[in-house]
Amino acid sequence: MLTLRLPHPGTLVAFAILALVAGGFIALATFDGGTPTLFSIGPYLGRVLAFSIIQATLSTVLSLALGIGLALALVRRSFLGRSIVLAALSTTMVMPTIVAVFAVFAVYGRSGWLAEGLAFLGWNDGFSIFGYPGILIAHVFLNAPFVARITLDGLNQIPAEHWRLATAFGFTPAQIFRHLDWPVLRTELPGIAGLIFLMCFKSFAIVLALGGGPSRSTLEVAIYEALKIDLDFGRVAWLALIQLVICLSMTALLHWAFTRPPVGHTIRSLVRRPDADNRRLKSLDALVLAIAALFIAPLAVSVLTGLRNIPDILEADLLQALLTSLTIAAAAAVIACLLALALASAARRRRLVLRSPRMAAFYDFLPDTLLAVPPFALTAGLFLLIQRFGDPSSAGLILLPLINGLAAVPFAYRFVAPHLLTVEERYGRVAASLGVTGWAKLAIMDWPVLRRPLAAGFALAMALSFGDFGIIALFGGTELVTLPYLLYERLGAYRLDEASAIGLVIVLVAFLLAHASGRLSHAGH
Amino acid sequence: MLVIENCRLTWPDFVADYSLSVKAGNLCAVIGPSGGGKTTLLHMIAGFETPQSGALTFQGQDLLPLAPAKRPVAIVFQDHNLFPHLNVAQNVGLGLRPSLRLTDDEKRLIEETLEAVGLEGFGSRRPGEMSGGQRQRVALARALVSGRPLILLDEPFSSLDPTLRRDMILLVDEMRRKRSVTILMTIHTPEDAADVADQMAFVADGRVVASGRPADILNSALAPRIAAAVSDS
C-alpha cells in the first residue's frame, strides 16, 4: 500500500527558501520590459564592481589594523574604565548602519563638530565626507570594535600554562607575539576579514547616504536605484545575479574554510602577561588606545547627544514609527526563529538519526547563504510575484518582516542548532527507546533546553531587524514609516537635532534587545 | 639541596607557609588534597608566585631575587605544555633557546633527548597529532634538555591511564638517575610513586604537614587523610 508521509518540516522550509529565491529571480528575469543584455550594462557594472571591491578592501584593512591594535592594547593593559570599553565593544554588533551614518554626519559633516571646530580656528575650507572618507569612517567605526572583540576573545583563550611557560623561558615581547598572540590571530583573522569584506561589499545604507554620486555605489545600491528610480527590472535581475554569485561564493568559502568547531570552554587566563612591563609596548599601546578613543568616542558620543532633543520628537509620527518598527521586528524575529528551528532540527536528524553528515552540512550552510541573497532583488522579485496573484498595495507589510526575518536566520540558527544537537546526544537514545517522537519529543525533551537559546536568538533577530535600513527604503513613505526610515528622512533634510534623538531611540531599543539576548544566552552556563 | 624556609604567601582567602628540604638528586613526591597548595608550592619555586617572607635556596643559591627565566628550574604542567603551532623539536628547542636559533649541536642534543624519552623520530610531528602520553614525554624532554638541575612536575601524568602513568613515572625516575637532577613532583595517587620516590611530602591547607620516606608517610597517622585526598576527586 502506498503511504504518503509528510516530509520533515526542515525539508519543507529548505525547499520553501530555495523556491522563494528562485521564484523571485524568475519573476524578475521574465518580467516583460525588454531585458537588457549584460553587455549593455557592462561599463556601469564595471565601475560599480570596482568601487565595491576597493572600498570593501580598504574598509577591511583599516578595520583589522585598528581592531587588532585595540585588542592587543586592551589585553596587555588594565586601566580605569577598561570593563566599560569591553562592554561597549560588544554593542557595535547591533549598531544600526543608519545610526552610524548619522554619527558620521554629526562629527564629520558639513556642519559637524569637526567643521565647527576648524571654523572656530579660522579654517573655513570645507571638506566633503561624501565618497571614500565617509564610507570608510562609517565602516571602520562599525567593524573595528567587532574585530577587537573577536580577537580579544581569542587571546583570552590562551591557556594560563602558556603564559607561565613564556615567563619561565624568558620570552621577549617579540617572541611572545610570535608564539602566543600570532597563532591566535592567524586562526581567527581570515574568517573575520572575509566576513567584514562581505558585509562592506554588500553595504547599503552607508553607501546610499554617504556615497554621494552614481559612480560611487555598491551593487546593492545599484540594485536599489535600478528599482526605485529606473524601474528597470531586467537590470535588477542582472545586477542581483552577479551580486548573488559573488556573495554566495564568498560565503561558501568562508563557511567551508574558516568555520571551526567551537572550542571547549577553557579557563580564562588571568595570568599576568610578561610583556606588560615593556616600555616600547607601553607607548605603542597608549598610542593605539588614543587613536581608537579619538576616532570612536566622538562618533559614539554624537549619538548620545540625542538625549536633549528627545522632547522635540515626541510626536505622533514618532510613536507610530516606533510601533511599526517593533511590530515588523517582532514578526521578523518569529519568522527567523521558526525557520532556524526547522532547519536546525532537520540538520540534527540528518546528522544523528540518518547518519548523513553531508546533508546535515547542507542544512548548516543554508542559513549562511541567506546572507548572500541581495534583499532588494529578492524583494523586487517577490513583489512582482505578489502583483501577479493579488493586491500589491499591502506587499510591504508582508515583505518587510519576511525579508528581515530571512536575513536574521543565520543568527538565530547559531543560537539554536548547537543546543538541539546537545539534547539529542544526551537524551536521543532514551527518547527512542521510550518511543517519544515528533511533537511530543519537541515539547518534552527539546523545549526546556531550547527555551533560553531560542529567546536569545529571538531578541538578537529583533534587534537586528529593528535597526535595519534596507528594503524599507523601497516601501517607506506616508503609509509605512519605521524609525530607521524616519531617521533617513531627517538626515536627508539635514535636521540633525531630530535625527540625533531618533538615532538614540533606535540604538537604545536595539541595545536593550541585544543585551537581553546576551543575558539569555549566558544564563544557562 | 633545595631549602624552603617559612615561605609565606597570602591571599584574601588563602594563606600558605611552606618549609621543606629536598636533597639534591632526590625525587620528592608531593601529595595532598586538591586546593591544599601543592601547585602553589611549585609555582613559588618556579617564580610565578613571590613569597612575602621566608627563604628559598637551591645548592646555596638564593632563588628569590631571580626572575623565573633565570632560575635553575624547569617546569612541566598537567596540560598545555606544548605550543600547537610548533613541531616537537621546536617545542623542545624552546628549553634551550627561546629564539629557536639552534646550532647543529643543539639540534643533535634535542634528537638525543627525544630518543631518551622514547620519541625517536618524532621531531617533525605536531603536538596535535600525538597522544596525551607522548605530549607529556615531549614536555619532559624539554625540561631535561634545558640542563636545569631542578625539575618541577605539576600533576604531569594525572590525565593518563594508570598503566601509562606508571610507565611515565618510571621514565622520570630513570632520567633523574642518569642525569642526576632533583625532582619535585605533585601527584594525585601516592602509590604510583611510593617505590621510586626518595621522599614524600604531604601538603594541606598551605603547609607541608609532614615529609619523610614514602613508606613512613603512607603508614603514618596521616593515612586516613591521604586516602581521603585521593578519593576526593
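Using the structure shown, decide if residue B:96 is among the hydrophobic types (A, V, I, L, M, F, W, C), within 30 Å of residue B:4 (Cβ to Cβ), within 13 Å of chain A (Cβ to nearest Cβ) and touching a strand residue (DSSP E or B) at 6+ places or on another chain (Cβ under 9 Å).
On the way: among the hydrophobic types (A, V, I, L, M, F, W, C): yes; within 30 Å of residue B:4 (Cβ to Cβ): yes; within 13 Å of chain A (Cβ to nearest Cβ): yes; touching a strand residue (DSSP E or B) at 6+ places or on another chain (Cβ under 9 Å): no.
So residue B:96 fails the test.
When residue B:87 is evaluated against the numbered criteria (1) surrounded by fewer than 21 Cβ atoms within 10 Å (Cβ to Cβ); (2) at the interface with chain A (Cβ under 9 Å from one of its Cβ atoms); (3) among the polar types (S, T, N, Q), which criterion, by number, is the only one it fails?
With (1) surrounded by fewer than 21 Cβ atoms within 10 Å (Cβ to Cβ); (2) at the interface with chain A (Cβ under 9 Å from one of its Cβ atoms); (3) among the polar types (S, T, N, Q) applied to residue B:87, the lone miss is (2).
Identify all residues within segment B:16-55 that are farther than 23 Å from residue B:180 by Cα, in a loop (DSSP other than H, G, I, E, B) and more than 14 Å from chain A (Cβ to nearest Cβ); write none if there are none. Let's see the steps before the verdict.
Here is the first cut: in segment B:16-55, the residues farther than 23 Å from residue B:180 by Cα are B:16-19, B:32-40, B:48-55.
Then keep just the ones that are in a loop (DSSP other than H, G, I, E, B); that gives B:32-37, B:48-52.
The answer is B:32, B:33, B:34, B:35, B:36, B:37, B:51, B:52.
Looking at segment A:371-397, which of its residues are aliphatic (A, V, I, L, M) and under 25 Å from residue A:481 (Cα atoms)?
Within segment A:371-397, the subset aliphatic (A, V, I, L, M) is A:371-373, A:377-378, A:380, A:382, A:384-386, A:395, A:397.
Matches in segment A:371-397: A:371, A:373, A:377, A:378, A:380, A:382, A:384, A:385, A:386, A:395, A:397.
Please find, among A:137, A:150, A:98, the residue that is β-branched (Val, Ile, Thr), away from chain B (no Cβ under 14 Å), part of a helix (DSSP H, G or I) and in contact with an Asp or Glu (Cβ under 8 Å, 6 or more places away or on another chain). I'd like the intermediate steps shown before the answer.
Working: A:137 fails: in contact with an Asp or Glu (Cβ under 8 Å, 6 or more places away or on another chain); A:98 fails: in contact with an Asp or Glu (Cβ under 8 Å, 6 or more places away or on another chain).
From the options A:137, A:150, A:98, the qualifying one is A:150.
Among the residues of segment A:464-501, which ones are over 28 Å from residue A:113 (Cβ atoms), touching a Ser or Thr at 6+ places or on another chain (Cβ under 9 Å) and touching a residue at least 60 places away in the same chain (Cβ under 8 Å)?
Taking segment A:464-501 first, the residues over 28 Å from residue A:113 (Cβ atoms) are A:464-465, A:470-472, A:474-481.
After this cut, where a residue has to be touching a Ser or Thr at 6+ places or on another chain (Cβ under 9 Å) as well, the list is A:465, A:470-472, A:474-476, A:479-481.
Matches in segment A:464-501: A:465, A:470, A:471, A:472, A:474, A:475, A:479, A:480, A:481.
Look at residue B:102 and say whether it is away from chain A (no Cβ under 11 Å) and among the hydrophobic types (A, V, I, L, M, F, W, C). Reasoning before the result, please.
Values: away from chain A (no Cβ under 11 Å): yes; among the hydrophobic types (A, V, I, L, M, F, W, C): yes.
The answer is yes for residue B:102.
Could you tell me whether residue B:142 is of a type in the set (D, E, K, R), touching a helix residue (DSSP H, G or I) at 6+ places or on another chain (Cβ under 7 Å) and within 12 Å of another protein chain (Cβ to nearest Cβ)?
Values: of a type in the set (D, E, K, R): yes; touching a helix residue (DSSP H, G or I) at 6+ places or on another chain (Cβ under 7 Å): yes; within 12 Å of another protein chain (Cβ to nearest Cβ): yes.
The answer is yes for residue B:142.
So residue B:170 clears everything in (1) in the same structural domain as residue B:7 (by the TED database); (2) assigned to a helix (DSSP H, G or I); (3) crowded, with 23+ Cβ neighbours inside 10 Å except one condition, right? Which one?
(3)
Looking at A:239, A:219, A:189, A:210, which one is buried (at least 24 other Cβ atoms within 10 Å of the Cβ) and more than 28 Å from residue A:24 (Cβ to Cβ)?
Values: A:239 fails: more than 28 Å from residue A:24 (Cβ to Cβ); A:219 fails: more than 28 Å from residue A:24 (Cβ to Cβ); A:189 fails: buried (at least 24 other Cβ atoms within 10 Å of the Cβ).
Testing whether each residue is buried (at least 24 other Cβ atoms within 10 Å of the Cβ) and more than 28 Å from residue A:24 (Cβ to Cβ) leaves just A:210.
Hey, residue B:117 hits all of (1) within 21 Å of residue B:176 (Cβ to Cβ); (2) buried (at least 21 other Cβ atoms within 10 Å of the Cβ); (3) within 10 Å of another protein chain (Cβ to nearest Cβ) but one; which does it fall short on?
(3)
Restricting to segment A:155-182, give me the number of residues that are surrounded by fewer than 18 Cβ atoms within 10 Å (Cβ to Cβ) and either within 34 Å of the chain's Cα centre (by Cα) or not assigned by the TED database to the domain that holds residue A:218 (or both).
Looking only at that region, the number is 5.
Before we move on, is residue A:269 modelled with pLDDT of 90 or more and not in a helix (DSSP H, G or I)? Please lay out each step first, then the result.
Working: modelled with pLDDT of 90 or more: no; not in a helix (DSSP H, G or I): yes.
Considered against the rule, which asks whether it is modelled with pLDDT of 90 or more and not in a helix (DSSP H, G or I), residue A:269 comes out as no.
Condition check ((1) surrounded by fewer than 18 Cβ atoms within 10 Å (Cβ to Cβ); (2) more than 13 Å from the chain's Cα centre (by Cα); (3) polar (S, T, N, Q); (4) assigned by the TED database to the domain that holds residue B:92) across all residues:
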{"residue": "B:155", "(1), (2), (3), (4)": "no, no, no, no"}
{"residue": "B:159", "(1), (2), (3), (4)": "yes, yes, yes, no"}
{"residue": "B:181", "(1), (2), (3), (4)": "no, no, no, no"}
{"residue": "B:186", "(1), (2), (3), (4)": "no, no, yes, no"}
{"residue": "B:207", "(1), (2), (3), (4)": "no, yes, no, no"}
{"residue": "B:215", "(1), (2), (3), (4)": "yes, yes, no, no"}
{"residue": "B:219", "(1), (2), (3), (4)": "yes, yes, yes, no"}
{"residue": "B:228", "(1), (2), (3), (4)": "yes, yes, no, no"}
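I'd like the full set of residues that are among the hydrophobic types (A, V, I, L, M, F, W, C), part of a helix (DSSP H, G or I) and without any contact (Cβ under 8 Å) to a residue 40 or more places away in the chain, limited to segment B:98-116. First the steps, then the outcome.
Start the filter on segment B:98-116 by keeping residues that are among the hydrophobic types (A, V, I, L, M, F, W, C), which leaves B:100, B:102, B:109-110, B:114, B:116.
From what's left, part of a helix (DSSP H, G or I): B:109-110, B:114, B:116.
Once the filter is applied, which keeps residues that are among the hydrophobic types (A, V, I, L, M, F, W, C), part of a helix (DSSP H, G or I) and without any contact (Cβ under 8 Å) to a residue 40 or more places away in the chain, segment B:98-116 yields B:109, B:110, B:114.
Regarding residue A:187, is this residue within 11 Å of another protein chain (Cβ to nearest Cβ) and either in a loop (DSSP other than H, G, I, E, B) or under 30 Å from residue B:98 (Cα atoms) (or both)? Give the steps one after another, and end with the answer.
Values: within 11 Å of another protein chain (Cβ to nearest Cβ): yes; either in a loop (DSSP other than H, G, I, E, B) or under 30 Å from residue B:98 (Cα atoms) (or both): yes.
Taking the combined requirement at face value, the residue satisfies it.
Only one residue in A:328, A:296 is part of a helix (DSSP H, G or I), over 24 Å from residue A:465 (Cβ atoms) and either within 14 Å of another protein chain (Cβ to nearest Cβ) or not small (Gly, Ala, Ser) (or both). Which one?
Values: A:328 fails: over 24 Å from residue A:465 (Cβ atoms).
Exactly one residue qualifies, and that residue is A:296.
Only one of these conditions is not met by residue B:112: (1) more than 14 Å from chain A (Cβ to nearest Cβ); (2) under 27 Å from residue A:160 (Cβ atoms); (3) surrounded by fewer than 16 Cβ atoms within 10 Å (Cβ to Cβ). Which number is it?
(2)
I'd like the residue in segment B:179-215 that is part of a helix (DSSP H, G or I) and without any contact (Cβ under 8 Å) to a residue 60 or more places away in the chain and, out of all such residues, is farthest from residue B:43 (Cα to Cα). Spell out how you get there, then give the answer.
If we filter segment B:179-215 for residues that are part of a helix (DSSP H, G or I), which is where we start, we get B:179, B:190-192, B:214-215.
Cutting the leftovers down to without any contact (Cβ under 8 Å) to a residue 60 or more places away in the chain gives us B:179, B:191-192, B:215.
Details: B:179: 23, B:191: 24, B:192: 23, B:215: 27 Å.
For segment B:179-215, the residue satisfying everything is B:215.
Among the residues of segment B:56-75, is there at least one that is more than 22 Å from residue B:16 (Cα to Cα), buried (at least 19 other Cβ atoms within 10 Å of the Cβ) and within 12 Å of another protein chain (Cβ to nearest Cβ)? Before the answer, list the steps.
Applying the first criterion (more than 22 Å from residue B:16 (Cα to Cα)) to segment B:56-75 yields B:59-61, B:69-70, B:72, B:74.
Now restrict to residues that are buried (at least 19 other Cβ atoms within 10 Å of the Cβ): B:74.
Now drop any that are not within 12 Å of another protein chain (Cβ to nearest Cβ), which leaves B:74.
Checked segment B:56-75: at least one residue is more than 22 Å from residue B:16 (Cα to Cα), buried (at least 19 other Cβ atoms within 10 Å of the Cβ) and within 12 Å of another protein chain (Cβ to nearest Cβ).
The values are calculated or read from the model by the stated rules, or taken from the named source; none is laboratory data. A quick note: this is a predicted structure, and the numbers were derived from the prediction, not measured. Reconstructed Cβ throughout: ideal geometry from the backbone, glycine too, with neighbour counts over all protein chains shown.
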